[in-house]
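Worksheet: one structure, shown below.
The values are calculated or read from the model by the stated rules, or taken from the named source; none is laboratory data. What you are looking at is a predicted structure, and each value in this text was computed from that prediction instead of being measured. Note that each Cβ is placed from the backbone with ideal geometry, even for glycine, and that neighbours are counted across all protein chains shown.
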Amino acid sequence: MTTTSHPPHALHDYALLADGERGALVGPDGAVNWLCAPAWHDEAVFASLIGGRGVYAVTPTSPWVPGGYYEDGTLIWRSRWVTTEGVVECRDALAFPGEENRLVLLRQLIAVDGAARVHVVLAPSADYGRAPLSSTHRDDDGVWHLTTGRHRLRWQGAPSAAFRDEALVADLELRPGRRHDLVLECSDAPLPHSPPTARHAWDTTERAWRRAVPELEHTIATRDARRAYTVLRGLTARGGGMAAAATTSLPERAEAGRNYDYRYVWIRDQSYAGQAAAATGAPELLDAAVRFVGERLLADGPHLAPAYTVHGAPVPGQRDLDLPGYPGGFSRIGNHVREQFQLDCFGEALLLFAAAERLDRLDADARRAAETAVRAVAARWREPDAGIWELDHRPWTHSRLTCVAGLRALAAAAPRRPLADTCTRLADTLFEEAAASSVHPDGYWQRTPDDTAVDAALLLPALRGALPADDPRTRATLTACRERLTDDHFVYRFRHDDRPLREAEGAFLLCGFVMALAEHRQGGAVEAHRWFERNHDACGASGLYAEEFDIAQRQLRGNLPQAFVHALLLETAARLAEEPARHDNRHRTRS
């Protein structure tokens, strides 16, 4: 009943609820189709997004047309339905900031215009829908207590609900202008003796979001920049780790087999988010990134993994689930990234630490972590690695140039520290090797010494200071990317084969924002804004971005929301508000 009654929607139609520790996706029908608990990478309790059981829906009973919006500077989502009987809203949020082992999902029905009649379905099913409810009872106060797998749930607000087909169902009616609260708790530990009150939970959540999200007045597209920051904050756990996405197994292309689990912290993505926060002058996310990345470097040194759980544990190995999957894909959890070496992670970490140093926010532990990263680069830069796109282990030019950028940025940010000379010498060594082996005869940086193709990732090292904006290789790389990897102001990563770009994969939104930054650094303010506007419009109805955008069907592809896209949007919104020369001078280093 629950899976077929509330099937998955196009990614364009989903909104995210998040409290830092976990996230939920809410569809236009008011159905929570996805929620993992207690943490991002744990099993789903509502898994109908990928073909499992489990849903929590609040839906008008009369015919309706959906809409919705985020309350400014929050992840409080208002579903809004215009029905044949009036206008109904449902205000949804995960109580923020979240507790580590217990979530509180708040839903407030509002009869905006006319009476509100809604049908409510609560059907939790742990272990990605494979664990049915094992106990259900209602106490004398009308509060429901449920158990599924290792999860304990408590539900307030529907004392008249009936148990039917492994779900609690209720029909609620509100008189015009009235409100009604539903409060759901879920934990893998015993719940507190006293349940939360809706009013207190809402008040605390509203205040916390107001404190957490800065105004970001010195950016372009300020409202969108604030939403990007809000999403990044919602993905960031109390230990500092930022989930790369809230979901698993959402296909990048139908039936292509590219389904991955992104509910983990990628060192690269976290570093992007920290650098974006630094560019906006908002220190909270910068400090979180420095803390998490620094701790992992101090723990693992040159064996730094590309990704971890939000708690800093190893990512579990990849395995398939026996579920139908999101349409066009199949279900899997875990990630093979645990088996990879990605050299550029050390360079991105150094760029992150340099950004913190420039703002005088690098403490003693982070400085030791930076020294560890420098030693790791020195020890491992000659090794093949999987690179930014996680492909075969090869000597990727982007990886080496990113390390050059990180080394030079750290030396420039702290020129009087003993490490500065070491960074400069090592950067020169890596740069000379790359310049000798990986510059195409046409003048652009090629992917590897034996792969002459152009790659949009090679726009990034120059932006980060590996070489100046006016270097001929910088300009040639920008020209080659513009001519060979773009379509209608969208950017693709690289050419997979001889097929048209859009037939191989979706446009890569991260690369679109990088292109905007690259044009801006060349002084092309108008072109930079064109790239920014084109890519920043490639979002869903709630303003969320996935990894890729299918420009033919105008659909989001891949997991949602993709943190690194929001990070680059945020940074681009800050950089494009500056004069190009100022941006360039900030990063100009020895070439």
> Out of all the residues in region 535-591, which are part of a helix (DSSP H, G or I) and modelled with pLDDT under 95?
Replying inline: Pro580, Ala581, Arg582, His583, Asp584, Asn585, Arg586, His587
>> I want to confirm something. Restricting to region 242-262 and keeping residues that are out of contact with any Phe, Trp or Tyr (no Cβ under 7 Å at 6 or more places or on another chain) and within 13 Å of Glu548 (Cα to Cα), which single residue is modelled with the highest pLDDT?
In response: Glu252
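Consider Trp40 carefully, then state whether it is aromatic (Phe, Trp, Tyr), crowded, with 20+ Cβ neighbours inside 10 Å and more than 21 Å from the chain's Cα centre (by Cα). Walk me through how you get there before you give the answer.
Numbers: aromatic (Phe, Trp, Tyr): yes; crowded, with 20+ Cβ neighbours inside 10 Å: yes; more than 21 Å from the chain's Cα centre (by Cα): no.
Here the answer is no, as Trp40 does not meet what is asked.
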>> Go through (1) crowded, with 21+ Cβ neighbours inside 10 Å; (2) over 23 Å from Leu509 (Cβ atoms); (3) of a type in the set (Val, Ile, Thr) for Thr477 and report which single condition fails.
In response: (2)
> Checking Gly406 against (1) touching an Asp or Glu at 6+ places or on another chain (Cβ under 9 Å); (2) at pLDDT below 95, which test does it fail?
Replying inline: (2)
>> Looking at region 221-239, can you tell me whether even one residue there is assigned to a loop (DSSP other than H, G, I, E, B) and either outside the structural domain of Arg534 (by TED's automatic domain parsing) or on the phi > 0 side of the Ramachandran plot (or both)?
In response: yes
>> Checking the conditions here, which among Ser160, Ser134 is in a strand (DSSP E or B) and polar (S, T, N, Q)?
In response: Ser134
> Could we say that Glu503 is at pLDDT below 95, surrounded by fewer than 21 Cβ atoms within 10 Å (Cβ to Cβ) and in a helix (DSSP H, G or I) here?
Replying inline: yes
> For region 330-384, what are the residues that are closer than 27 Å to Arg253 by Cβ, small (Gly, Ala, Ser) and modelled with pLDDT of 95 or more?
Replying inline: Gly334
> Looking at this structure, is Leu106 buried (at least 18 other Cβ atoms within 10 Å of the Cβ), touching a Gly at 6+ places or on another chain (Cβ under 9 Å) and within 21 Å of Val213 (Cα to Cα)?
Replying inline: no
> Any idea which of Arg164, Arg152, Arg130 is at pLDDT 95 or above, in the same structural domain as Tyr56 (by TED's automatic domain parsing) and of a type in the set (D, E, K, R)?
Replying inline: Arg152
> Hey, Asp127 hits all of (1) surrounded by fewer than 16 Cβ atoms within 10 Å (Cβ to Cβ); (2) acidic (Asp, Glu); (3) within 24 Å of Leu25 (Cβ to Cβ) but one; which does it fall short on?
Replying inline: (1)
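Charged (D, E, K, R), touching a helix residue (DSSP H, G or I) at 6+ places or on another chain (Cβ under 8 Å) and assigned by TED's automatic domain parsing to the domain that holds Ser331: which single residue out of Arg484, Arg534 fits that description? Quick ask: steps written out before the conclusion?
Working: Arg484 fails: touching a helix residue (DSSP H, G or I) at 6+ places or on another chain (Cβ under 8 Å).
Criteria check complete, one pass: Arg534.
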>> Tell me yes or no: at least one residue of region 489-497 is over 28 Å from Ala289 (Cβ atoms), over 20 Å from the mean Cα position of the chain (by Cα), of a type outside the set (D, E, K, R) and assigned to a loop (DSSP other than H, G, I, E, B).
In response: yes
> Mind checking whether some residue in region 9-27 is under 21 Å from Ala538 (Cβ atoms), in contact (Cβ under 8 Å) with a residue 60 or more places away in the chain and in a loop (DSSP other than H, G, I, E, B)?
Replying inline: yes
> Can you tell me which residues in region 148-167 are crowded, with 18+ Cβ neighbours inside 10 Å, within 22 Å of Ser194 (Cα to Cα) and of a type outside the set (D, E, K, R)?
Replying inline: Thr148, His151, Leu153, Trp155, Gln156, Gly157, Ala158, Ala161
>> Residues to consider are Ala469, Ala457; find the one that is in a loop (DSSP other than H, G, I, E, B) and either of a type in the set (Ser, Thr, Tyr) or in contact (Cβ under 8 Å) with a residue 40 or more places away in the chain (or both).
In response: Ala469
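Can you report the number of residues in region 516-554 which are aliphatic (A, V, I, L, M) and surrounded by fewer than 19 Cβ atoms within 10 Å (Cβ to Cβ)?
Residues flagged as aliphatic (A, V, I, L, M) and surrounded by fewer than 19 Cβ atoms within 10 Å (Cβ to Cβ) within region 516-554 amount to 5.
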> Which residues, counting only those in region 98-116, are assigned to a loop (DSSP other than H, G, I, E, B) and on the phi < 0 side of the Ramachandran plot?
Replying inline: Gly98, Glu99, Glu100, Asn101, Ala115
> Picking from Leu509, Leu560, Leu556, Leu576, which residue would you name as being in contact with a His (Cβ under 8 Å, 6 or more places away or on another chain), under 26 Å from Ala278 (Cα atoms) and in the same structural domain as Arg227 (by TED's automatic domain parsing)?
Replying inline: Leu576
> Right, Leu351: surrounded by 15 or more Cβ atoms within 10 Å (Cβ to Cβ), farther than 25 Å from Glu215 by Cβ and more than 21 Å from the chain's Cα centre (by Cα) or not?
Replying inline: no
>> Of the conditions (1) aliphatic (A, V, I, L, M); (2) closer than 23 Å to Ala409 by Cα; (3) assigned to a helix (DSSP H, G or I), Ala480 satisfies every one except a single condition; which number is it?
In response: (2)
> Quick check: anything in region 48-65 among the basic types (Lys, Arg), closer than 27 Å to Arg150 by Cβ and under 22 Å from the mean Cα position of the chain (by Cα)?
Replying inline: no
